[in-house]
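K.L.:
Shown below is the structure under consideration.
The values are calculated or read from the model by the stated rules, or taken from the named source; none is laboratory data. What you are looking at is a predicted structure, and each value in this text was computed from that prediction instead of being measured. Don't worry about glycine lacking a Cβ; one is built from the backbone with ideal geometry, like all the others, and counts go over all protein chains shown. Remember, those area values only see protein heavy atoms, side chains included, never the ligands or the DNA or RNA. Shrake-Rupley method; radii C 1.70, N 1.55, O 1.52, S 1.80 Å.
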Amino acid sequence: MANPSLLILAGDGIGPEVMAEVKKIIGWFDAKRGIKFDVSEGLVGGCSYDAHGTPLTDETMAQAQEVDAVLLGAVGGPKYDVLDFSVKPERGLLRLRKEMDLFSNLRPAQCFDALADFSSLKKDVVAGLDIVIVRELTSGVYFGEPRGIFVEGNERVGINTQRYTESEIARVARSAFELARKRNNKVCSMEKANVMESGILWREVVQEIHDKEYPDVQLSHMYADAGAMQLCRWPKQFDVIVTDNLFGDLLSDMAAMLTGSLGMLPSASLGLPMENGRPKALYEPVHGSAPDIAGTGKANPIACVLSFAMALRYSFSMLDEATRVEKAVEKVLADGVRTADLMGPEGGVPVSTSQMGDAIVAALDASL
Ligand code: IPM
Ligand code: MG
């Protein structure tokens with residue numbers, strides 16, 4: 001049987017640096033566990049624009065459709081701010097999400113014990129936190145038409161459209177209910193049904209899918225603004241949160257800070273099953289390209305490493321190996337290994353990106 005295939009798109013800024021540490025772990029699986037991946041690499045974002053004048057070439061798009069899973073680093077940087085909107089680095093990522101139809105974006109926010117002191121929130125609020133935000137990723141205001149900047153009378157008007165079909169809401173709701181069944185069986189759906197028709201429909205459809213197909217799962221609804229407040233107040237009340245593309249973008253950044261650092265959060269973007277039964281999938285850290293620290297060795301590779309662990313779990317059903325990677329990360333944190341973003345007020349000497357990767361590999365060795 002062919003080896004599982006991976007396409008690595010490290011992207012811009014700290015993307016290549018954090019991805020280098022994932023490559024060490026892929027190498028470790030080959031050398032120590034006899035698990036081989038067929039790895040190919042390509043460009044996305046600003047680096048693709050520099051090389052080809054587009055943030056994603058058709059060839060790379062086609063490759064992404066072929067492989068079992070895509071691993072992405074990050075896209076964007078100030079150098080590209082001047083580019084036309086249509087070729088900005090982010091368009092490459094959004095094209096991948098849209099054309100691969102990756103409608104279900106899982107963003108876990110888990111607070112490792114060793115980091116409970118690092119959150120800007122009180123320790124007892126975040127210690128032991130383990131929630132997942134399921135963000136709809138291929139529709140809503142990110143993609144709705146009409147959109148653009150138009151001239152109306154003697155001024156310009158900027159337009160984006162929030163648009164959701166029933167089937168788009170239903171499929172992401174199902175993925176949230178399925179996930180909840182494997183966890184603590186609770187889903188909270190967030191929208192703004194008090195001001196948006198798309199929110200009213202969202203709430204109705206989520207409730208219908210629940211009543212017909214998942215009555216065993218505990219379902220609640222919240223307005224997204226109140227949800228943001230509750231996420232800060234007492235995040236442990238949640239298990240799975242399902243929400244739309246834009247609210248999910250905001251709420252997941254906020255949830256990231258509950259865990260101590262944005263450098264800790266992985267994500268999986270999943271679509272429909274391919275012929276081989278694996279879901280179309282792209283894995284990426286929630287953090288961005290952090291151009292301010294790119295090239296300094298300060299980046300935390302953990303979010304990217306944990307994204308690879310999600311690939312092991314969701315694309316390759318290698319549950320034990322996924323857990324092995326997660327435990328290795330937990331161990332290095334418990335041992336006090338810290339990148340710069342994880343330095344508490346008491347200070348200390350941070351390790352570099354690559355030292356953190358080496359420590360994780362050493363912890364993997366110790367797990368054998
Ligand atoms: C994210 C990012 C992206 C988004 C950007 C880079 C297009 O913020 O994945 O959360 O807005 O979805
Ligand atoms: Mg975001």
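K.L.:
Over the chain, what percent of the accessible surface lies on carbon and sulfur atoms, probe 1.4 Å?
P.N.:
Exposed carbon and sulfur together represent 53 percent of the surface.
K.L.:
Can you list the trypsin sites (Lys or Arg not before Pro) in the range 94-131 that are in a DSSP coil and have 12 or fewer other beta carbons within 10 angstrom?
P.N.:
Qualifying residues, ordered by number: Lys122.
K.L.:
Separate question: Where in the chain are the helices, taken as whole DSSP H runs, whose Cα atoms extend 15 angstrom or more along the long axis and whose Kyte-Doolittle mean reaches at least 1.6?
P.N.:
Result, helices passing both filters: 302-314.
K.L.:
Using alpha carbon centroids, what distance separates the range 248-289 and the range 60-137, in Å?
P.N.:
If you average the Cα positions of each part, the centres end up 4 Å apart.
K.L.:
Here is a further query. Distance between the C-alpha centers of the range 145-218 and the range 18-37? Whole Å please.
P.N.:
Result: 38 Å between the Cα centres.
K.L.:
Quote the accessible area belonging to Glu155 in square angstrom, nearest 10, computed with a 1.4 Å probe and with ligands, DNA and RNA left uncounted.
P.N.:
So the heavy atoms of Glu155 present about 120 Å² to solvent.
K.L.:
Which FRET efficiency value, to the nearest 0.05, is calculated for Asp117 and Lys236 with the Förster distance at 22 angstrom and r the Cβ-Cβ distance?
P.N.:
0.85
K.L.:
Right, something else. Strictly over 22 Å apart at the Cα level, which of Lys36/Lys182; Lys212/Lys236; Lys98/Lys280; Lys122/Lys236; Lys236/Lys298; Lys182/Lys212 would you flag in this model?
P.N.:
From Lys36/Lys182; Lys212/Lys236; Lys98/Lys280; Lys122/Lys236; Lys236/Lys298; Lys182/Lys212, over 22 Å: Lys36/Lys182; Lys212/Lys236; Lys236/Lys298.
K.L.:
Any idea of the accessible area per residue across the chain, 1.4 Å probe, to the nearest Å²?
P.N.:
Result: 43 Å² of accessible area for each residue.
K.L.:
Beta carbons within 10 angstrom, averaged per residue: use that to sort the peptides 87-93, 274-280, 132-138, 307-313, highest first.
P.N.:
Top of the packing list down: 132-138, 307-313, 87-93, 274-280.
K.L.:
Let me ask something else about it. Quickly rank 20-26, 209-215 as a protection proxy: mean count of other C-beta atoms within 10 Å, highest first.
P.N.:
20-26, 209-215
K.L.:
Which of the peptides 68-79, 164-175 is most tightly packed, and how do the rest follow, going by the mean number of other Cβ atoms within 10 Å of each residue?
P.N.:
In descending order of packing, they fall as 68-79, 164-175.
K.L.:
Using a 1.4 angstrom probe with every protein chain in place, what is the largest-first accessible-area order of Lys36, Lys192?
P.N.:
Listed by decreasing accessible area, they come as Lys36, Lys192.
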